[in-house]
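The values are calculated or read from the model by the stated rules, or taken from the named source; none is laboratory data. Given the structure is predicted, the values throughout are model-derived calculations rather than measurements. Here Cβ is always computed from backbone atoms with ideal geometry, including for glycine, and neighbour counts include all displayed protein chains.
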Amino acid sequence: MKLGLIEAEAPLQIIHRLSALRDRLKLLRSKGGTVALVPTMGALHDGHMTLVKTAQQQADHVVVSIFVNPKQFGPKEDFASYPRPADADAALLAQHKVDLLWMPEVEEVYPQGFATKISVAGLGDGLCGAARPGHFDGVATVVAKLFNQVRPDMALFGEKDWQQLAIIRRMAHDLDLGVDVIGVPIVREGDGLALSSRNAYLTKQERAAAAALPKAMKDAVAKIEAGGPIDAALAEAEKKLVKAGFQQPDYVSLCGADYLEPMSVLDRPARLLAAARLGKARLIDNMPVNPA
Ligand code: PAF
């Protein structure tokens with residue numbers, strides 16, 4: 001429950017060390033009320049700021065973390081080149097009156113000798129887990145660390161990473177982490193493209209072509225919801241993506257909304273999920289698919 005107090009505005013505090021984080025959190029908690037965590041890898045965009053605004057509506061204090069987590073990148077992925085506009089990110093968070101920015105160094109999250117891995121079996125194996133081996137172990141491990149470091153009452157994640165959200169929910173439940181995991185709907189550009197830090201990798205021409213992803217998915221959703229054959233709708237979406245300039249998609253799949261099991265009959269709430277590369281960017285998206 002949110003406190004109804006009006007307090008003097010405090011400037012954004014940027015913290016790099018765990019001991020300082022603990023001190024600051026102690027101070028925040030001494031004021032009473034709830035704490036929300038918004039975990040990010042930075043390169044903040046309107047999608048992240050929607051997470052922040054939702055957090056501010058639901059909690060009394062908001063902590064944003066920015067940590068480009070090496071454990072969730074494969075050896076050939078973009079860890080080194082991932083955008084890190086630290087000053088612009090901090091300015092944006094200050095403008096949005098965030099209480100605290102947790103920006104740990106790698107050694108603060110993974111000290112010498114770190115040997116623990118969290119793996120959510122099943123949910124993490126298919127879809128992006130199949131295309132990016134080890135990725136979701138890295139995500140689950142860092143999110144568990146962030147939850148333990150900040151000990152928030154709630155944490156907010158974008159629904160764009162639907163599989164990630166399902167995995168984090170499962171982990172929080174399985175491990176009794178005591179954090180309410182809240183999914184926040186996707187924020188889209190005018191042409192339907194879901195906001196993502198990796199959209200920055202697209203050239204102007206690729207950016208125009210990228211709108212084919214939500215469009216092909218929307219068409220497939222309409223066909224499936226109208227009772228059309230699922231396999232044909234998925235295959236047609238893949239074809240449209242390749243025609244628009246995407247590489248052969250990693251997947252365009254219809255899955256159960258909660259457990260992500262593949263579905264061949266639309267007899268319960270489902271999700272259409274897709275991932276495909278366009279130039280240097282790997283784009284993902286998902287949409288609800290509901291039975292009549
Ligand atoms: O979605 C992201 O930005 C990251 O996967 C997360 C949840 C911050 C973990 O590094």
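Can you name every residue in region 145-188 that is of a type outside the set (D, E, K, R) and in a strand (DSSP E or B)? Across region 145-188, the qualifying residues are M154, A155, L156, F157, G158, V181, I182, G183, V184.
The residue of region 34-93 that is nearest to D153 (Cα to Cα), among those that are more than 14 Å from the ligand (Cβ to nearest atom) and assigned to a loop (DSSP other than H, G, I, E, B), is T34. Here L127 passes the criteria (1) surrounded by fewer than 22 Cβ atoms within 10 Å (Cβ to Cβ); (2) more than 14 Å from the ligand (Cβ to nearest atom); (3) among the hydrophobic types (A, V, I, L, M, F, W, C) except the one numbered (1).
Determine whether F114 is more than 24 Å from P249 (Cα to Cα), within 12 Å of the ligand (Cβ to nearest atom) and either aromatic (F, W, Y) or within 14 Å of the chain's Cα centre (by Cα) (or both). Answer is no for this residue. Note on region 189-292: enclosed strands (runs of 3 or more DSSP E) holding 1 or more residues that are charged (D, E, K, R) are 270-278, 281-289. Residues that are part of a helix (DSSP H, G or I) and exposed (fewer than 13 other Cβ atoms within 10 Å of the Cβ) within region 94-105 comprise just one, Q95. The residue list L202, L177, L146, L156 contains one member that is touching a residue at least 24 places away in the same chain (Cβ under 8 Å) and away from the ligand (no atom under 15 Å from the Cβ), which is L202. Of all residues assigned to region 104-115, at least one qualifies as being of a type in the set (G, A, S), modelled with pLDDT of 95 or more, farther than 18 Å from F67 by Cα and out of contact with any Asp or Glu (no Cβ under 7 Å at 6 or more places or on another chain). Reported count of residues in region 132-152, each being crowded, with 18+ Cβ neighbours inside 10 Å and under 26 Å from L25 (Cα atoms), is 13.
Entry remark, region 23-58: residues being surrounded by fewer than 17 Cβ atoms within 10 Å (Cβ to Cβ) and free of Cβ contacts under 8 Å to residues at least 60 places away in the same chain number 10 in total.
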